1. So between Gln211 and Glu263, what do we pick up on full extension, going 0.36 nm a residue minus the alpha carbon distance?
2. What FRET efficiency do you get for His97 and Glu324 if R0 is 41 Å and r is their Cβ-Cβ distance, rounded to the nearest 0.05?
3. Work through the residues other than Leu167 whose Cβ is under 10 Å from its Cβ and net out their charges, Lys, Arg +1 and Asp, Glu -1.
4. Would you kindly state how much longer the chain becomes between Leu191 and Glu9 on full extension, computed as 0.36 nm times their sequence separation minus their alpha carbon distance, in nm to one decimal?
5. Using the beta-carbon distance between Val296 and Glu38 and R0 = 51 Å, what value does 1/(1 + (r/R0)^6) give for FRET efficiency, to the nearest 0.05?
6. Ordering Glu234, Glu155, Glu9, Glu275 from largest to smallest accessible area (1.4 angstrom probe), what's the sequence?
7. Which one, Leu176, Ala94, Thr104, is farthest towards the positive end of the dipole of the range 91-197 when Lys and Arg carry +1 and Asp and Glu -1 on their Cβ?
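The values are calculated or read from the model by the stated rules, or taken from the named source; none is laboratory data. Quick caveat, the model's predicted, so the values are computed rather than measured. Neighbour counts are summed over all protein chains in view; Cβ atoms, including those assigned to glycine, are modelled from backbone coordinates with ideal geometry. All accessible areas refer to the heavy atoms of the entire protein, side chains included, with ligands and DNA or RNA removed. Shrake-Rupley method; radii C 1.70, N 1.55, O 1.52, S 1.80 Å.
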Amino acid sequence: MADKERIREVPTNVITGFLGVGKTTAIRHLLENKPADERWAVLVNEFGEVGVDGALFESGQKGTVYIREVPGGCMCCAAGLPMQVALNQLLASARPHRLLIEPTGLGHPHEVLMALSEAVRNGVLDLRSTLTLVDAGCIAEERYRYNETFRQQLEVADLVVANKSDLYGPQDLENLHRFLSCLGNGAVKPLQTVEQGRIKIDWLQTPSNFQIASGHQHQQPALQSLDTQEPLPECGYIRLENSGEGYHSCGWRFAPGHVFDYERLFSLISGAEIERMKGVFISEQGVFGFNKAGQVLTVLELDDTMESRIEIIDCKQRDWDGMESSWIGALADG
């Protein structure tokens, strides 16, 4: 390949944060406000086996926004092969002016950054600031403070973004400042507060402080397909489960011929006692994305989707059979 055709120094940001902190909303906001003449690419990793974020990122900017998903756990595991293959394919197809990488909220951001080392050394990527989104209201809970992944997300941050600041109590920000001062080498982390994921594009420009690992260069793994989604069975839907990092996920894919009743669907999701849920649904009223973290539910109207997809993540093993029956009961022809 001629030098002029090579992909060189693509500005790259890792945007991380724990489950339900608002990473998807923040990236949607960035995509909606990116320069109109630029192509942006998003490499998104999901804990569950059913990819949903790609459809939630749908922005009506065909040809200027490219999405690639790596479902099924932390993409940097297995020697980083899933991430390297997806990254190579995404860069080749998009040739982007900027790359955003969203690791799963249960993934290992330090290892993700390490997996980018070779592409940085080879001049393919220009690593810029790592943004870690955090809900300061969660700092009071021990399950966050003592979670290794949560702490690592904050330790690797070049900028900490306290999202959902409109919902904070009087002590939440102070608790976050105190917690950050106890991390790592004690250096003060820059901190910004936002509502509804309204990250500023300027925050992406700062060079990363992450120390790229030294090492010899070696040939990149041969490109191979990651499109391993199995065909749907005759019944028109399939269920896929995953567990790890103290969490459990269950996802469903429904063929496009299965149309949901919007009112039944909204009632079901609103009343569900689950920690995290994402879904894109074909309903008789149109295509909608549902994004639920705790008791907060956001509904987005989307242009289109190939099929309905649902992903639930919870720290408890749930009654997946009962949940499946509920989804089927929410179908318009159910």
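1. Working: separation 52, 0.36 × 52 = 18.72 nm, distance 5.05 nm.
That pair, Gln211 and Glu263, stretches by 13.7 nm at full extension.
2. Working: r = 42 Å, r/R0 = 1.03.
For His97 and Glu324, the calculated efficiency is 0.45.
3. Cβ neighbours under 10 Å give a net charge of -3.
4. Numbers: separation 182, 0.36 × 182 = 65.52 nm, distance 2.69 nm.
The Leu191-Glu9 span can extend by a further 62.8 nm.
5. Numbers: r = 31 Å, r/R0 = 0.61.
That gives a FRET efficiency of 0.95.
6. Details: Glu234 195, Glu155 85, Glu9 115, Glu275 35 Å².
Descending order: Glu234, Glu9, Glu155, Glu275.
7. Highest projection toward the positive end goes to Ala94.
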